[in-house]
Amino acid sequence: RWFVSMLVEDTIAPAPASSAAVGLDAGVTSLVTLSTGEKMANPRRDRKRLAKAQRELSRKAKGSANREKARQKVARVHARIADRRRDFLHKLSTRLVRENQTVVIEDLTVRNLLKNGKLARAISDAAWTDLRMMLEYKCAWYGRELV
């Protein structure tokens, strides 16, 4: 993985006013359901690849070079999952903020929801907290209202 860091001074102009408003309902089967009825699916394509890589890692002898290679493979799969999730959330949040003047989201206590063992993985995969943070700062950037 390669990373590039750039420092740029930029001011974000508020978007033109709009009369549209949208409500978001967070879910487990679909990431969010919009008040318009549109459902946004949660990208979960790499779960099988991760499970296979972790099984292979667990079979390796501790301290071996092959275990290190398998550990790096698991790390790459985790990084890919995180990158795809972050990319999807950025695209979704930008679209919602640009199209609507008011964005309404439900206030969930994710920490308490994660105590449910049967739903914890699905809730963590959904990354509702990340979506909320992105909506907060993008609404501030573009002069939109987040409720």
For the chain, dividing by residue count, accessible area per residue (probe 1.4 Å) in Å² works out to 71 Å²
Computed over segment 1-141, the Cα gyration tensor eigenvalues, each multiplied by 5 and square-rooted, give semi-axes in Å (largest first) of 35, 21, 12
For segment 1-104, the percent of accessible surface on carbon and sulfur atoms (probe 1.4 angstrom, ligands and nucleic acids excluded) is 53 percent
Among VAL104, VAL147, THR33, the residue whose Cα sits farthest towards the positive end of the charge dipole of the chain (+1 at Cβ of Lys and Arg, -1 at Cβ of Asp and Glu, taken about the Cα centre) is THR33
Connecting every pair of Cα atoms under 10 Å apart in the chain and solving the GNM, the largest mean-square fluctuation among ARG47, ARG84, ARG132 falls on ARG47
Under the Karplus relation with 6.51, -1.76 and 1.60 and θ = phi - 60°, whole-Hz ³J(HN,Hα) for segment 18-25, x at Gly and Pro, equal 9, 9, 6, 9, 9, x, 10, 10
Computed about the Cα centre, the charge dipole of segment 1-102 from +1 Lys/Arg and -1 Asp/Glu charges at the Cβ has a magnitude in debye, to the nearest 20, of 1320 debye
Counting only DSSP beta bridges fully inside segment 19-147, the antiparallel percentage to nearest 5 is 50 percent
When the chain is treated as a Gaussian network with springs between alpha carbons less than 10 Å apart, the largest mean-square fluctuation among VAL74, VAL32, VAL103 is found at VAL74
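The values are calculated or read from the model by the stated rules, or taken from the named source; none is laboratory data. What you see is a predicted model, and the numbers here were worked out from it, not measured in a lab. Cβ coordinates were reconstructed from backbone atoms using ideal geometry, including for glycine residues, and neighbour counts include every protein chain displayed. Protein only, heavy atoms only, side chains kept; ligands, DNA and RNA dropped before computing areas. Shrake-Rupley method; radii C 1.70, N 1.55, O 1.52, S 1.80 Å.
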